[in-house]
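Taken together, the values in this text are just the output of simple stated rules run on the coordinates, not laboratory data. Please read all numbers here as calculations on a predicted model, not as lab measurements. Quick reminder, even Gly has a Cβ in these numbers, built from the backbone with ideal geometry, and neighbours come from all protein chains shown.
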Amino acid sequence: MKCFCGNILTVDRNDNVCKYLVESNGMIEYVGNDLPEKYASAEMIDLGEKALLPSFVDTHQHFASFSTFHAGLNVMEAESNIEIKEMVREFQQGSSKKTLIAFGASPYSVKEGRLINREELDEVCPDKEIMVVKYDGHACIVNSKLLQKMDEKVKNLRGYHPDTGEMNQEAFFEFSNYITSALSIPELFGNMQTAVDFMAGKGIGCVHTVSGVGFPGNLDITMEKIFAKGLNNGFQIRVFPQSLDVKTATSRKLPRIGGCFACALDGCFGSHDASLNEPYSDAEAGNGVLYYEDQKVIDFCKAANRAGLQIEMHAIGDKAFDQACRAIKAALDDYPRKDHRHGILHDCLPTEEGIRICSEYGIQMPVQSAFINWKQEPDSYLEEILGPERLSRLNPLRTFERAGIMVSFGSDAPCTSPDPIVWIDRAVNNANKSEAITVKQAIRMCTVNGYSVTFDEDKRGTLEAGKIADMVVLSENPYDIPAEQLKRLRVEKLYLGGTEYRSCKENILRAALRGLTSGQKA
C-alpha cells in the first residue's frame, strides 16, 4: 500500500485536485484531502512540487510502423538534404541489413526547400535498398536499387514518380507494404517492445494502434493483437484493423475497425492530396484526392455499424471530412446505436455542417494537436496552399469543445513522436488564439477522453477510488505554471497497476505464447 501526498490531479468530472491518493494491490483505494487513520501506516510518497495524474493515452498511432521506423534512421531534425545524405551514408555503413528505412524528410524544414531525391540517395547508398519516408507518412523517396525491385508492381499506380524517386498515394502504399512484410516476426516483436518502453518514458500507458499494412493475410493485425494480449506489465494496446471488410475485425474478435490506408478517405496536405471542397490556393491547384465514392464508404459504415463494431476513418481535408460525417450519419440512421463511439481521425479542416453532425450523432474525434505549429508542415506552407481563411480554420479544438464533441489526442506516429507534453503545449499555446484551449481541457484530452474512446473509462483515465492505478508523475504541476512554460514539464515516473513501470523486453516466444492464451483486452 502506498500513499501519494501532494498535487493529485484527479481529472474527474469536476477536475478536482486533492492532497492524498492511496493505492493498494494495483487499485486506487482512496482519494481525498484528509487522510483516514487506517492509512497512516502506508508507505508515504511526498510529491513536493510535482504532480500525479492519470496515465496518458495515444489515440491514433501506426504501432508496427512506428516501431519499425523508431528502430531506423530519424532525419526529422536535419536542416539540409546534404545533412540527410551524410546521415544516410553513416547509417548504411553501420547496418548489416539489405533494406533500410529512414523517416521524417520534409521539404519545408531543409534549406533546399525540396525533398531529397533518388539520385542523391544513390550517391550515398547505391548497394542497399532504402526508403526515406516523408514526415507525413503518406509518401516516400526510394533509391534506384529499391525502385528496380518494385518497378513492375508500381509503375502503373497513381503517385509513381521514378524521375525523383518520390512515391505517394497507391505507389507509396505498395512500397510501405513491401518494407513491412520484409521484416521477420522476431525483429518486429523486438522493435515493438523497444517502442513500448520508449512511450512509457513519455508517460503513455495505452496506445490505440491502426494495423493492416500489407502483410500476407493481414498477419500484422493478428500479430499486434497477440503482442497486446501478451504484455504483462500493465501497458494497454487497443487494435483497430485498417480494412473495409468487416470480417477482418469480426474474425479476430476485435470490437472495432478503421484507421488510415484502406480506411483513409483522402491523403494529406504535405502531399497535396488532402481532399478539398474548394481548390488549393497555390499554382498546383486541384482539389486533392477523394479515394472512394460516397456509396462505398456508406456501405462500409452501415455493415460495420450493424455488426456492432466501432468505426474510425481518416479525413484530413474538408471534403473527406464531410464524406466521413455523411457515411457515419447514414449508418446510424439505418441502425441507431446509443453508445457507438464512432470517430473521425485527424479532422484538420472540418466544416460547420460536419461539426453539427458530429455533435448531434456523438461522433468522437482523435486529433493530432502536434500538427499545430509543426516544423515539418509550417503555417507559411499551409497558408500558401490553403489561403489565410482556411488556415484560420485548421485544427479548431476550441470549436470542437464548444460543440460538445469528445476530443482525444494522438501522435499519428511515426508522423510525430508520441509525446503528450508536446500535445498539451501545442493545444494550449496555439498561435491561433481563437482555437487555443485550457490546460485542464488539454489534459482531459490526453487522459480520460482517450480512455473513453475505447470504452476503458470505467477502469482507467481518472484518479478515483475503484480504478486501476495507472498514473504519471510530472516534474511540476501543469495547473500552476505559466502556459508558455508547459514544454518544460518532464515525465518522472509511470505507474501501471500501482507498480513503477518495468520494461516489457523479454523472450519473444514466451511473450507470444502468453498472448495466444491471455484474456487481456486488446
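Quick notes on this one:
- 19 Å reach of a label modelled at Leu513, 7 Å along Cα-to-Cβ, counting backbone N of segment 204-227: 223, 226-227
- Part-to-part distance (alpha-carbon centres) for segment 135-149 and segment 390-415, which is given in Å: 30 Å
- Here the extension length gained between Glu353 and Arg488 equals 44.8 nm, from 0.36 nm per residue of separation less the Cα-Cα distance.
- Evaluated on segment 183-222, the Kirkwood hydrodynamic radius is 11.4 Å, with distances taken between all distinct Cα atoms.
- Our summary of shape: the Cα atoms of segment 70-157 have principal axis extents of 34, 30, 24 Å, ordered from largest down, in whole angstrom.
- Reported to the nearest whole Å, the Cα centre-to-centre distance from segment 24-47 to segment 272-295 is 56.
- Using only Cα coordinates, the Kirkwood hydrodynamic radius of the chain works out to 23.6 Å.
- Taking other C-beta atoms within 10 Å as the exposure proxy, Met199, Met406, Met76, Met313 rank Met76, Met406, Met199, Met313 from fewest upward.
- Cβ-derived FRET efficiency at R0 45 Å, Lys459 paired with Glu389, nearest 0.05: 0.55
- Relative contact order (%) - criterion: Cα under 8 Å, at least six apart; region: segment 65-181: 21 percent
- Inverse of mean 1/r across different Cα pairs in segment 6-138, Kirkwood, Å: 19.1 Å
- Candidate membrane-span-like segments in the chain, meaning DSSP H helices with Cα atoms spread over at least 15 Å of their own axis and a Kyte-Doolittle mean of 0.5 or above, are 185-200, with no membrane implied.
- Förster-model FRET efficiency, 30 Å R0, Glu119 and Ser181, C-beta, rounded to 0.05: 0.65
- Label zone at Lys149, where the point sits 7 Å out along the Cα-to-Cβ direction: segment 209-241 residues whose backbone N lies under 17 Å: 214-216
- Cα-centre dipole for the chain with unit charges at Cβ (Lys and Arg positive, Asp and Glu negative), debye to 20: 1740 debye
- Pairs beyond 23 Å (Cα-Cα), from Lys375/Lys440; Lys50/Lys202; Lys202/Lys375; Lys225/Lys505; Lys153/Lys296: Lys375/Lys440; Lys153/Lys296
- Cβ-derived FRET efficiency at R0 30 Å, Asp379 paired with Arg13, nearest 0.05: 0.25
- Positive-end ranking of Thr399, Ala511, Cys325 along the dipole of the chain, with charges on Cβ about the Cα centre, is headed by Ala511.
- Segment 302-379 and segment 423-457 have Cα centres lying 17 Å from one another.
- Helical runs (DSSP H, four residues minimum) scored at -39500 (n - 2.57) apiece and divided by the length of the chain put the mean residue ellipticity at 222 nm at -9500 deg cm²/dmol.
- Selection among Val110, Gly354, Asn373 by position relative to the dipole of the chain gives Gly354 as farthest towards the positive end (Cβ unit charges, Cα centre).
- Exposure proxy order (Cβ contacts within 10 Å, fewest to most) of Ser41, Ser176, Ser452, Ser55: Ser41, Ser452, Ser176, Ser55
- Nearest-20 debye value, segment 232-296 charge dipole, Cβ charges on Lys, Arg, Asp, Glu: 820 debye
- Distance-filtered residues of segment 161-197 - backbone nitrogen under 15 Å, label point 7 angstrom along Lys97 Cα→Cβ: 176-195
- Dipole of segment 1-144, positive direction: furthest Cα of Gly137, Ala42, Tyr30, with charges on the beta-carbon: Gly137
- Taking every Cα-Cα distance in segment 414-511 and sorting them into 5 Å bins starting at zero, the pair-distance distribution P(r) comes out as 2, 11, 17, 20, 20, 15, 8, 4, 2, 1, 0 percent.
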